[in-house]
Amino acid sequence: MHTGVRKTTPSWQSSATSAAHLEASVIAGSVACALRKVKVRVASENRMLHDVLSGILAGQPDVECLSSEAPGLVRVESLLKDSPDLLLFASNGDLNEDVALIRKIRVEAPSIHIVIFGGVGGEVEFLQYVRAGIRGYLQPDASGEDVLAALAAVRTGRAFCPSSLCGLLFRYFESEATSLPSAALRQRLGLTRREQQLIPLIAKGFTNKEIANHFSLSEQTIKNHLYRMKHKIGADNRLGIVQTCRTQGFLL
């Protein structure tokens with residue numbers, strides 16, 4: 001006899017079923033990704049390094065290593081030819097040139113993931129590469145296994161960097177979150193978010209170079225910020241910026 005009582009599924013069982021479906025879809029997506037060869041292009045101005053990196057990729061069954069122009073001719077239009085999924089980019093030893101090329105690629109082909117090999121400098125430079133838009137970072141002493149691990153991580157939507165640099169990323173974003181003064185300052189004086197972040201460091205007497213290192217920016221960028229801040233606030237120098245902000249109640 002029909003009682004009119006509808007059987008319901010316990011919430012925990014429904015959640016478990018949803019989780020199972022989600023896990024299955026993730027696995028299916030990973031399998032589909034693994035079945036399709038990932039198209040990788042190596043970019044290096046050094047012929048030996050270009051050949052070594054290409055050789056590491058050549059033996060991988062799930063990688064299609066796209067042909068490149070002769071080393072030394074690293075041009076954006078040639079790098080984007082045949083629509084690579086991933087670009088393994090060897091640093092040419094000049095941070096500004098590296099960052100400019102990465103940014104240009106990100107603008108013209110945002111779907112391409114970039115892994116940089118042998119990035120110049122230390123922690124500050126690493127952050128500048130991250131800000132430019134890389135998804136993987138390999139230090140000059142990286143092994144062939146490291147290269148393959150980076151490509152495997154990036155092709156599945158993850159990021160890759162040495163474990164020693166993970167803590168740096170956390171510290172950087174923590175400092176970004178805690179160094180922002182009151183938003184009212186922007187309304188009263190017309191300062192941008194970045195300009196607001198400079199004020200506490202200026203007040204502490206940091207030099208332009210120290211401020212640039214703190215935010216992983218160039219020293220010239222900091223000079224440009226200070227120039228605009230002086231005009232917005234009506235100050236003649238750094239001391240004037242601090243005094244005006246203190247008068248407004250934003251520095252105690």
Subject >> Residues being outside any helix (DSSP H, G or I) and either modelled with pLDDT of 90 or more or surrounded by fewer than 20 Cβ atoms within 10 Å (Cβ to Cβ) (or both) - total across the stretch 34-56 >> reply: 9
Original post:
Taking the stretch 109-143, which residues are within 16 Å of R41 (Cα to Cα) and loosely packed, with under 15 Cβ neighbours inside 10 Å?
Top reply: P110, S111
**OP:** Within the stretch 193-252, track down each residue that is more than 25 Å from A100 (Cα to Cα), in contact (Cβ under 8 Å) with a residue 24 or more places away in the chain, part of a helix (DSSP H, G or I) and open to solvent by less than 80 Å² (accessible area, probe 1.4 Å).
**Re:** I199, P200, I202, A203, M229, I233, R238, I241, V242, T244, C245
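The values are calculated or read from the model by the stated rules, or taken from the named source; none is laboratory data. Everything numeric in this text was worked out from a predicted model, so none of it was measured. Positions of Cβ are backbone-derived with ideal geometry, glycine not excepted, and every protein chain shown enters the neighbour counts. Protein only, heavy atoms only, side chains kept; ligands, DNA and RNA dropped before computing areas. Shrake-Rupley method; radii C 1.70, N 1.55, O 1.52, S 1.80 Å.
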